[in-house]
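Trainee: Supplied in structure tokens, the structure appears directly below.
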Amino acid sequence: MNINVDLFNFFNHGFQNPILDGVMPIFTHFGGFRFLVLVLIALVLYARISRRETLKKVAIITLIAFLFSDLITFALKHFIHEARPFMV
């Protein structure tokens, strides 16, 4: 047995609920790369316009950290060639 496939099946088939099945696809996009980058850029612009230097610094550091973590994730996905559980 493959633990990845077992965990995939446990979460995707063990927690089915008609309400959550309709709501969760909406929340999936809120955690997406593009959405978070846009929110952080908007936060940097807001901080700059409102002259909130601390907020601006935090938003820029967060944006850099997020981009760096995405780069690491991208690299790992290409170095570790593990099939997605739903494709097995």
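Trainee: Would you mind stating whether residue 71 is within 19 Å of the chain's Cα centre (by Cα) and open to solvent by 100 Å² or more (accessible area, probe 1.4 Å)?
Mentor: yes
Trainee: If you don't mind, there's one more thing I want to ask. Just one of (1) in contact with a Phe, Trp or Tyr (Cβ under 9 Å, 6 or more places away or on another chain); (2) in contact (Cβ under 8 Å) with a residue 24 or more places away in the chain trips up residue 29, so point out which.
Mentor: (2)
Trainee: Every residue in the stretch 7-20 that is in a helix (DSSP H, G or I) and either of a type in the set (Phe, Trp, Tyr) or open to solvent by less than 90 Å² (accessible area, probe 1.4 Å) (or both), please.
Mentor: 7, 8, 9, 10, 11, 12, 14, 20
Trainee: Hey, another quick one. Can you pull out every residue in the stretch 74-85 that is in a helix (DSSP H, G or I), surrounded by 10 or more Cβ atoms within 10 Å (Cβ to Cβ) and over 13 Å from the mean Cα position of the chain (by Cα)?
Mentor: Of everything in the stretch 74-85, those that are in a helix (DSSP H, G or I), surrounded by 10 or more Cβ atoms within 10 Å (Cβ to Cβ) and over 13 Å from the mean Cα position of the chain (by Cα) turn out to be 75, 76, 77, 85.
Trainee: Contact list please: Cβ distance under 8 Å, first residue in the stretch 61-79 and under 15 Å from residue 38 (Cα atoms) and touching a residue at least 60 places away in the same chain (Cβ under 8 Å), second residue charged (D, E, K, R) and part of a helix (DSSP H, G or I), pairs at least six apart or on different chains.
Mentor: none
Trainee: Scan the stretch 30-64 residue by residue and report those that are within 25 Å of residue 74 (Cα to Cα), open to solvent by 90 Å² or more (accessible area, probe 1.4 Å) and in contact with a helix residue (DSSP H, G or I) (Cβ under 9 Å, 6 or more places away or on another chain).
Mentor: Within the stretch 30-64, 30 is the sole residue that qualifies.
Trainee: Further question: Being surrounded by 11 or more Cβ atoms within 10 Å (Cβ to Cβ), under 24 Å from residue 84 (Cβ atoms) and among the hydrophobic types (A, V, I, L, M, F, W, C) is the requirement here; does residue 27 meet it?
Mentor: In short, no.
The values are calculated or read from the model by the stated rules, or taken from the named source; none is laboratory data. Because the structure is predicted, anything quoted here is derived from the model rather than measured. As a convention, Cβ positions derive from the backbone with ideal geometry for all residues, glycine included, and neighbour counts pool all protein chains shown. Heads up: the accessible areas ignore ligands, DNA and RNA and are worked out on the full protein's heavy atoms, side chains in. Shrake-Rupley method; radii C 1.70, N 1.55, O 1.52, S 1.80 Å.
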